[in-house]
Structure formats: C-alpha cells, structure tokens
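In what follows, a structure is listed as structure tokens, so that the remarks can point back to it.
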Amino acid sequence: MRFWLGLILSLFGGLVGIGLFREWTISKYAPLDDTILDIASLIILLFGLIISAFDHFKQSKDFEKLHNEQKGRVLEPIQRKNLLKSLKNTSKIRIELMSIQGDRESFRFANTIKDVLTELNWEVDGVWEEIIIGGVGPGIAVRESSTESNSIGKTITQIFKDNNIDTRIITKSDLKPNLIQVIVGSRP
C-alpha cells in the first residue's frame, strides 16, 4: 500500500512540476511563483519516490525470505564435501531412511542425505514416508539400539551437527543391533 501511495505522491509532484496544475495554483495562491512550485514539486516527487523505494526494498526482502522457506533444506557444496569426507571413515551399517508422510520438504532432504550415503556405498533402505506416532519434531532423529558412547549412530549424529544439520540421537532398544534409523523430520 505504501508503494502505491508513494507512486501517487510522485505522480502528483510530477504534475505540479510540468505545469498542469501550475497555472491554476498560481492563480489561486498569488504569493507562489514558479521557483517555489519547482521546489515544492521536487520535494513532493522525491518524498514519494523514497516511500516507494523503501516499500519495494521491504517487499523484496519478504519475497526472498518466502523463496528460501519454499526451497527448503539443502546441502551446501561445502557441507556435502565435509559429510562425504567424515562419513567415509565411519564404519558402515545398514540405514533405514525415513521422512514424514505428506511433508515434501522432509522427503526431498531425506533423498539428499540418501544420495550422500549411497555415494559412499552405505546400505540404505528407503526413503520411506512414515507416520510417526507422536511426531519426530524438527530436524533429524537418529535411532539406534546401542548405548555405547562411541556408537555409529552417535558418530553420525555428531558429523551432522558438525555440518550445521540439526540432529539428535534416540536410543531405541528394540532395534536390531546392525541397523540405524534416520528420520528426517520437519524443517527446524
């Protein structure tokens, strides 16, 4: 709305400046002359343009924010490189990879993680769209049965965290010892 207000104000300033209202204004207000009207026209025109420019800048920032939210999580090239380097030295184990059913952003990001793991020849089952009762929440949940401090699940979690990927470990005793579940939840 402010954009249009500024544009209309600029239009009015321009009309005063080019003379459409100049003769009428001078006839109604005798003390005004061409110099005063030129200055007034310039001030009105600049004020309107400044209002429009600020509103346009604000809208551009809002559109950029919406675009980034719509794009979703992506692995930056440096993150991908670091993940490949770090996971290359980690013991390989079978991974069940899941996303949240109906959450397209979660599904796309899970497939991005799958691409990294399969490039390193990890055995990846999925990406499955699951309904997790109680939900997973934001970020990634890594579930494993091991309670050891140096388990593969904890190592994967730390590697993800080191690369600014919101991840947490969950111990689930009924999982097979040679299996880790990675669940990509909603966007944090």
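The values are calculated or read from the model by the stated rules, or taken from the named source; none is laboratory data. What you see is a predicted model; the values in this text were computed from it and never measured. Neighbour counts run over all protein chains shown; Cβ positions are idealised from the backbone, glycine included. Ligands, DNA and RNA are excluded from the accessible area calculation, which covers all protein heavy atoms including side chains. Shrake-Rupley method; radii C 1.70, N 1.55, O 1.52, S 1.80 Å.
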Task: Tabulated pairs, the range 87-116, first over 14 Å from R187 (Cα atoms), second aromatic (F, W, Y) and open to solvent by less than 50 Å² (accessible area, probe 1.4 Å), C-beta under 7 angstrom, 6+ apart or interchain - done: K92/W122; I95/W122
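Okay, residues lined up against (1) surrounded by 12 or more Cβ atoms within 10 Å (Cβ to Cβ); (2) in a helix (DSSP H, G or I); (3) of a type in the set (A, V, I, L, M, F, W, C):
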residue: I44; (1), (2), (3): yes, yes, yes
residue: L49; (1), (2), (3): yes, yes, yes
residue: F54; (1), (2), (3): yes, yes, yes
residue: S60; (1), (2), (3): no, yes, no
residue: H67; (1), (2), (3): no, yes, no
residue: K81; (1), (2), (3): yes, yes, no
TODO: Within the range 70-110, count every residue that is on the phi < 0 side of the Ramachandran plot, touching a helix residue (DSSP H, G or I) at 6+ places or on another chain (Cβ under 9 Å) and among the small types (G, A, S).
DONE: 3
- [ ] Look at the range 128-164 and say how many of its residues are of a type in the set (V, I, T), more than 19 Å from P188 (Cβ to Cβ) and in contact (Cβ under 8 Å) with a residue 12 or more places away in the chain.
- [x] 4
Task: Scope the range 92-110; condition polar (S, T, N, Q), open to solvent by 50 Å² or more (accessible area, probe 1.4 Å) and outside any loop (DSSP other than H, G, I, E, B); matching residues - done: none
- [ ] Six or more apart or on different chains, Cβ under 7 Å: which pairs go from a residue in the range 31-53 that's over 10 Å from G6 (Cβ atoms) to one that's open to solvent by 40 Å² or more (accessible area, probe 1.4 Å)? Could you list them?
- [x] L32/I26; I44/L9; I44/F12
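Among E129, E76, E144, E119, which is the only one that is touching a Gly at 6+ places or on another chain (Cβ under 9 Å) and surrounded by fewer than 16 Cβ atoms within 10 Å (Cβ to Cβ)? Step through it out loud before you land on a result.
On the way: E76 fails: touching a Gly at 6+ places or on another chain (Cβ under 9 Å); E144 fails: surrounded by fewer than 16 Cβ atoms within 10 Å (Cβ to Cβ); E119 fails: touching a Gly at 6+ places or on another chain (Cβ under 9 Å).
Of the residues listed, the single one that is touching a Gly at 6+ places or on another chain (Cβ under 9 Å) and surrounded by fewer than 16 Cβ atoms within 10 Å (Cβ to Cβ) is E129.
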